[in-house]
Each structure stands twice: as C-alpha cells, then as structure tokens.
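Step one of this worksheet: look at the structure below.
Read-outs throughout are calculated quantities, based only on the coordinates presented, and are distinct from any laboratory measurement. Everything numeric in this text was worked out from a predicted model, so none of it was measured. Here the Cβ is made from the backbone with ideal geometry for all residues, glycine too, and neighbour counts use every protein chain on show.
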Amino acid sequence: MRIYETGKMEAKASTEAKASTEASGNELFTIICNKCKKAIKVENNIVKEGLFETEHRFGYFSQKDGEVHSFDLCEDCYDQITGEFLIPPEVRGVNEVL
Ligand SMILES: [Zn+2]
C-alpha cells in the first residue's frame, strides 16, 4: 500500500500527517507491506529495501473483469508466500543499463 504526502503538516493542526493513498503527482511518503503492515524504507522517493510491487488488470473472462488490483510486499513476506509455491517463481538476472 502506498501513501503519498499531500501537503506540509500545519504547525498547530492535529498530529496526523496529511497523507493520501492517491498518487496525483505527490511525493511517495511511505510504502506499507499489505501482508504484515511493515513500513518499507523510502528516502527521497527511493525505495531502500527489498520490495515486491505488483499491479494486475483482470481480464474479460475473470470474475473481476475491469478491476485493477495492486499491492506491495516486503521481501520477507514475498519469500514466505513464494516459499509455499509448488513451482518456484522463475528468476533471471538483469543487467542494468544506465
Ligand atoms: Zn511483509
């Protein structure tokens, strides 16, 4: 789950930070693992630890046609979930070209 900053906290307002789950061009504030609610470290809009992020649009023949589902998992939860797979995920190396 992604939470975005929507504005500066006002000095004498409530202690709650103004935050939103809508992106709308705002800076990424924090990412919460959907499975265990752990806060994933984000600094200056850069994710600083292992993160599995996914967004999937279900197709016509599914019961969720037209719905887009998205969620984030910390690396521990990713390992836990994929550890239950009878066939492990396919893994390949990627050479970053900058
Ligand atoms: Zn987790």
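The table for this structure:
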item: Förster radius 41 Å - calculated FRET efficiency between Lys64 and Asn44 (Cβ-Cβ, nearest 0.05); result: 0.70
item: Estimated vicinal HN-Hα couplings, Hz - the range 69-85 in sequence order (Karplus 6.51, -1.76, 1.60; Gly, Pro = x); result: 10, 9, 7, 10, 10, 6, 5, 4, 5, 4, 5, 5, 5, 6, x, 8, 5
item: Whole-Hz couplings from phi, Karplus 6.51/-1.76/1.60, listed for the range 49-54; x for Gly and Pro; result: 8, x, 8, 10, 10, 8
